[in-house]
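Worksheet for the structure shown next.
The values are calculated or read from the model by the stated rules, or taken from the named source; none is laboratory data. Computed from a predicted model, the values in this text were never measured in an experiment. Here Cβ is always computed from backbone atoms with ideal geometry, including for glycine, and neighbour counts include all displayed protein chains. Note: accessible area is taken over every heavy atom of the protein model, side chains too, but ligands, DNA and RNA are not part of it. Shrake-Rupley method; radii C 1.70, N 1.55, O 1.52, S 1.80 Å.
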Amino acid sequence: MMLKRHLLFLLFAFTILTAQAKVDTLTIQSPSMQKTLKAGVVTPEGYKKKKNGPYPVLYLLHGYSGNFSNWLKVPPQKDLLQRMADKYNFIIVTPDGGYSSWYFDSPVDQSSQYETFITQELVQLIDSKYKTIREKNGRFISGLSMGGHGALYLSARHPDLYLAAGSMSGSVNIAAIDRKNLLPSIEAVLGPKEENQQRYEQNSIVHMVPQLKQSGIDFIIDCGVDDFLIEDNRELHRRLVAAKVPHDYIERPGAHSWAYWGNALEYHLLFFSKLKS
């Protein structure tokens, strides 16, 4: 009898340990770009129970050269998003932001309208298909590198959509990027840099502090001390402090790597979770 009870306990414990968030892959037709895109959607364990929900949503953006599946497959921590969705009771959406869209609505390339896709088409679809909190107090956005820029940029331009935004190792000064492998990708969506310097500055987060302040959104910004973008992030922090924009700013050991971003994600979810409660 004691052995039977022990086995039942072990089976129950194993069920708890293996209960995990569910991952959907959506195929989405974008009217603004006339093409099909994908997004991952992680729903927490217990989502299907009728009494549970609605849930807050985190839109989690990938970096340059990435795609929607990066956050689901690449972090060294196994099943990172599933564990985070379960722990913090969030729906986590990983949109495809293109290889190098920088999350702009490009004025020179009609096939790159990712601001419209993420802030309008995707949000409307997710709210129609899932048990979400369908207002800004249940909607958050964050991302890494190009996606860190994208999260801050989109939140500043659409403060009605998001309660808070985060950036991990964000490319927060587009106007200063001159790396040979990155500049052509930005010129493809914003036009030649030499001819459009004002456009580059207007779309760089370090020059958008007035919009960030006016948005009233809460921000969390972090970057590794060995990251090539650390000085840009420090400059953004200085400008936010000078403008008295409330935000959390974190530096910790680490470089521009998935080891860093996999660790940083929980800090962002903890920050967002406290705001929603």
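Things to note:
- Residues in region 88-105 include at least one that is assigned to a helix (DSSP H, G or I) and at pLDDT 95 or above.
- Listed here are the helices (runs of 4 or more DSSP H) enclosed by region 113-196 that have at least 2 residues being within 20 Å of the chain's Cα centre (by Cα) and either within 22 Å of Ile91 (Cβ to Cβ) or among the acidic types (Asp, Glu) (or both): 123-129, 146-157.
- The lone exception for Tyr55 - which of (1) open to solvent by 30 Å² or more (accessible area, probe 1.4 Å); (2) touching a strand residue (DSSP E or B) at 6+ places or on another chain (Cβ under 7 Å); (3) under 21 Å from Leu161 (Cβ atoms) it fails: (1)
- Test result for Ser273, within 22 Å of Leu60 (Cα to Cα) and open to solvent by 10 Å² or more (accessible area, probe 1.4 Å): yes
- Residue within region 221-230 that is open to solvent by less than 70 Å² (accessible area, probe 1.4 Å), modelled with pLDDT of 95 or more, within 20 Å of the chain's Cα centre (by Cα) and under 26 Å from Ser106 (Cα atoms) present: yes
- Considering His158, His149, the condition of being surrounded by fewer than 24 Cβ atoms within 10 Å (Cβ to Cβ), closer than 18 Å to Gln202 by Cα and not small (Gly, Ala, Ser) is satisfied by His158 alone.
- Count - residues of region 19-35 that are open to solvent by 90 Å² or more (accessible area, probe 1.4 Å) and among the β-branched types (Val, Ile, Thr): 1
- Scanning region 197-244 for residues that are of a type in the set (A, V, I, L, M), out of contact with any Cys (no Cβ under 8 Å at 6 or more places or on another chain) and not in a helix (DSSP H, G or I) returns Met208, Ile217, Ile220, Ile221, Val225, Ala243.
- Exactly one residue among Leu72, Leu80, Leu58 is more than 13 Å from the chain's Cα centre (by Cα), of a type in the set (A, V, I, L, M) and modelled with pLDDT of 95 or more, and that residue is Leu80.
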